[in-house]
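Visitor: Can you keep this structure in mind? I'll have questions shortly.
The values are calculated or read from the model by the stated rules, or taken from the named source; none is laboratory data. Because the structure is predicted, anything quoted here is derived from the model rather than measured. Note that we place each Cβ from the backbone using ideal geometry, even for glycine, and neighbour counts take in every protein chain shown.
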Ligand SMILES: Nc1ncnc2c1ncn2[C@@H]1O[C@H](COP(=O)(O)OP(=O)(O)OP(=O)(O)O)[C@@H](O)[C@H]1O
Ligand SMILES: [Mg+2]
C-alpha cells in the first residue's frame, strides 16, 4: 500500500523541505520507491535543495491540466523521484491547490511512499498539502514561537488528516529551547524525531545533495535515517510509538 505523508508546519523556514528531501532519500536508501512532491506552490524550493532547478514540465503544468503527472516526475541521482514545482513568480496564477490530492493518488500502487513538502502556515496551499495525504508530520523548531504556530496548524488540520507527530529540527541551536516533553505536552502529539542543529545540513543544501548522502555519519543524517527506519518498521519503538508507526506496515 502506498503511504502518503505531508510535511507541514506553522512557522516558515523550520525544515520541512530539508526533512522531505532527507527522509525521502533515506527511505530510498532502504530500497523503497519514493516520490517527493513539491507542494509548496508559491515559494517552492525542493528542486533547489536537490539541484534540479531546470525542467520542462512541472507540478504546476499538471495542476493546470496541461501535462500528465508522469511527465512531471524526475529521477534524482539518489534514486528519489521528484515532482518539482514551477519556480517562476507568476506560476500560481489559475492553479487550484486542491487538485494535489488527485495528483498524489496517481502514484498509488507504484510507489511505497509519497512525501509532500508543504507550504508553511494556514493558507490554501498549506492546507491542500495536508489534505492530499493520509498522514502528516509537523516540522517545528524547539522555540516557543515555532511550536505555537505548529499547534495552530495541528488544530486546523487534525480533523481531516491524521497527525503522526512532530519532527523537532535544529535542536541544540539555542540555550533556551523547549524540551521534547514540553512540546508533546503543548501539542498533545509525540515527538517522532529530534534532528540536531548541524552545520553539515546547510552545507549539503549548498552542494545540492541530501545530507544523508553528503555526510552519512553526521548527526542530522543519522536522525533522518532513524526516522526512515521507524517508518519502514526496521527500527521498532515500543508502546505508543508502535501504534503510530503500525499503519505503515
Ligand atoms: N538540522 C539543521 N541544522 C542546521 N541548519 C538547518 C537544519 N535544518 C534546516 N537548516 C537550515 O534551515 C534552512 C531552512 O530549511 P528548510 O528550507 O528545510 O525549511 P522549510 O520549512 O522548508 O522553509 P519554508 O517554510 O520556507 O518552505 C535551510 O536552508 C538550512 O540552512
Ligand atoms: Mg520549504
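Visitor: Check 70, 60 and return the single one that is assigned to a helix (DSSP H, G or I) and either closer than 25 Å to residue 9 by Cβ or in contact with a strand residue (DSSP E or B) (Cβ under 7 Å, 6 or more places away or on another chain) (or both).
Guide: Values: 70 fails: either closer than 25 Å to residue 9 by Cβ or in contact with a strand residue (DSSP E or B) (Cβ under 7 Å, 6 or more places away or on another chain) (or both).
Being assigned to a helix (DSSP H, G or I) and either closer than 25 Å to residue 9 by Cβ or in contact with a strand residue (DSSP E or B) (Cβ under 7 Å, 6 or more places away or on another chain) (or both) holds for just one of 70, 60, which is 60.
Visitor: So which of 47, 28 ends up being away from ligand 2 (no atom under 16 Å from the Cβ) and surrounded by 22 or more Cβ atoms within 10 Å (Cβ to Cβ)?
Guide: Within the list 47, 28, the selection yields 28.
Visitor: Could you check residue 63 against (1) free of Cβ contacts under 8 Å to residues at least 40 places away in the same chain; (2) farther than 29 Å from residue 168 by Cα and say which number it fails?
Guide: Every listed condition holds for residue 63 apart from (1).
Visitor: Checking the condition under 28 Å from residue 148 (Cβ atoms) and in contact with a helix residue (DSSP H, G or I) (Cβ under 6 Å, 6 or more places away or on another chain), which residue from 201, 212 passes?
Guide: Details: 212 fails: under 28 Å from residue 148 (Cβ atoms).
Of the residues listed, the single one that is under 28 Å from residue 148 (Cβ atoms) and in contact with a helix residue (DSSP H, G or I) (Cβ under 6 Å, 6 or more places away or on another chain) is 201.
Visitor: Let me ask another. Can you tell me which of (1) farther than 30 Å from residue 63 by Cα; (2) more than 15 Å from ligand 1 (Cβ to nearest atom) is the one residue 198 doesn't meet?
Guide: For residue 198, the failing item is (2).
Visitor: Within the range 10-38, can you find the residues that are within 22 Å of residue 63 (Cβ to Cβ) and within 10 Å of ligand 1 (Cβ to nearest atom)? It would help to see each step written out before you state the result.
Guide: So in the range 10-38, the residues within 22 Å of residue 63 (Cβ to Cβ) come out as 12, 16-17, 20-21, 24, 34-38.
Of everything in the range 10-38, those that are within 22 Å of residue 63 (Cβ to Cβ) and within 10 Å of ligand 1 (Cβ to nearest atom) turn out to be 12, 16, 17, 20, 21, 38.
Visitor: Now for a separate question. Please determine, by comparing only the residues of the range 4-18 that are crowded, with 24+ Cβ neighbours inside 10 Å and more than 13 Å from residue 149 (Cβ to Cβ), which one is nearest to ligand 2 (Cβ to nearest atom).
Guide: My answer is 17.
Visitor: Looking only at the range 102-148, count every residue that is touching a residue at least 60 places away in the same chain (Cβ under 8 Å), assigned to a helix (DSSP H, G or I) and out of contact with any helix residue (DSSP H, G or I) (no Cβ under 6 Å at 6 or more places or on another chain) and tell me the total.
Guide: Qualifying residue count, the range 102-148: 6.
Visitor: While we're looking at this one, here's another question. If I ask for residues that are closer than 28 Å to residue 102 by Cβ and either crowded, with 23+ Cβ neighbours inside 10 Å or modelled with pLDDT under 95 (or both), which ones from the range 129-148 would you list?
Guide: In the first step, residues of the range 129-148 are kept if they are closer than 28 Å to residue 102 by Cβ; the result is 129-139.
Result: 129, 130, 132, 133, 136, 137, 138, 139.
Visitor: Working only within the range 201-223, note down all residues that are free of Cβ contacts under 8 Å to residues at least 60 places away in the same chain, closer than 25 Å to residue 165 by Cα and surrounded by 16 or more Cβ atoms within 10 Å (Cβ to Cβ).
Guide: Matches in the range 201-223: 218, 219, 222, 223.
Visitor: Let me ask something additional. Looking only at helices (runs of 4 or more DSSP H) that lie completely in the range 149-249, which have at least 1 residues being at pLDDT below 95?
Guide: Qualifying helices (runs of 4 or more DSSP H): 219-232, 240-246.
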